[in-house]
1. Could you run the Debye sum over the Cα atoms of region 16-167, one equal point scatterer each and no solvent, and tell me log10 of I(q)/I(0) at q = 0.09, 0.10, 0.13 Å⁻¹, two decimals?
2. Trypsin sites (Lys or Arg not before Pro), restricted to region 190-221: which are DSSP loop and have at most 16 other Cβ atoms within 10 Å?
3. Can you compute 3J(HN,Hα) from phi for each residue in region 148-157, using the Karplus curve 6.51 cos²θ - 1.76 cosθ + 1.60 with θ = phi - 60°, rounded to whole Hz and x for Gly and Pro?
4. Does region 10-102 come out rounded, prolate or oblate by the C-alpha gyration tensor, with a ≥ b ≥ c the root eigenvalues, rounded set by a/c under 1.5 and, if not, prolate when a/b is larger than b/c and oblate if not?
5. When a/c is below 1.5 the answer is rounded, else prolate if a/b is larger than b/c, else oblate, so apply that to region 117-199 with a ≥ b ≥ c taken from the square roots of the Cα gyration tensor eigenvalues.
6. In terms of modelled amide H atoms, which long-range or inter-chain residues lie less than 5 Å from the amide H of Gly65?
7. Quick check: from the Cα gyration tensor, does region 167-219 come out rounded (a/c under 1.5), prolate or oblate?
8. Just to check I understand the Karplus step: with θ = phi - 60° and J = 6.51 cos²θ - 1.76 cosθ + 1.60, what whole-Hz values come out for region 170-182, glycine and proline as x?
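The values are calculated or read from the model by the stated rules, or taken from the named source; none is laboratory data. Owing to the predicted nature of the structure, the values given are computational and were not obtained by experimental measurement. Neighbour counts run over all protein chains shown; Cβ positions are idealised from the backbone, glycine included. Quick note on the areas: whole protein, heavy atoms, side chains included, nothing else; ligands and nucleic acids left out. Shrake-Rupley method; radii C 1.70, N 1.55, O 1.52, S 1.80 Å.
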Amino acid sequence: MLVWMVTDVESVSPSRFLQLLADEQRWRLLRELTRSDRKVSELTELVGIPQNLASYHLASLRNAGIVSARRSSADRRDTYYRIDLRRCADLLCAVGPALQTGLRLDVARPRIAVGRAPRRKPSVLFLCTGNSARSQIAEALLEHHSGGTIRARSAGSHPKALHPSAVRVMAERGIDISTCTTKHMDRFRQRRFDRVITLCDKVREICPQFPGPATNAHWSMPDPASECATGEVSYAAFKHTAEELEWRIPFLIGELMVPRERRTSNESQ
């Protein structure tokens, strides 16, 4: 079973959290990880620092529980790093009261204005291998949690039948995907998307270029169907997949609902 590797997380005081963020190189590493899960070799190139220094900073961030790591399912010699935005939000919210009890910061969920649809819905394409679980769950969760204000689609490099455990785990969340069909990613080759997100390490390596301003991102997630053939152990993997997507997607919604000009400005920083 491929899981995210988390070191023994240290207790992080508000001042220690600010110290971690204050270092320019750690800040840039975190900024890159908010955009996509990354290999250390990619981070060193993007941030422009030696690998040993990147590894040192990543170790500090892992010890604080801000970053975790997982072996790539495409090449076990590679490791993907990801940022835990929930942990960052919790630590950030603790800073204000630590300085002065009246200073409070709450991380608000994106607000969907009732009766006001955007001029153009942002669109997202999720890709995995079979389009039978991970990408189907992601598509349904994004449509559901955005209140339909974001258009989500999913596809696979080698589509196969929708997995019954994916249907079950979504039914437990009140979302019916039983009638969804699986699709090949070539079906969307001529479509324009704001974001193309690969959920499979193998598919990331072969992801085609899509027309328009699509921003590619990678969420490194193991295939829950491959972790165990049958039984409750297998179903636990589907539950873990849905839970991870449920904490990632609200941050994606918040980013996509920001006006495009502000997103472009933030991404350039």
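1. With one equal scatterer per Cα and no solvent, log10 I(q)/I(0) is -0.43, -0.53, -0.85.
2. Arg191, Arg192
3. Using θ = phi - 60°, the values come out as x, 7, 10, 8, 10, 9, 9, 6, x, 6 Hz.
4. Prolate is the answer for region 10-102, as a/c is 1.5 or above and a/b outweighs b/c.
5. In terms of gyration-tensor shape, oblate.
6. So Gly65 has HN proximity to Glu10.
7. Verdict is prolate for region 167-219.
8. 7, 4, 5, 9, x, 10, 9, 10, 5, 9, 6, 9, 8
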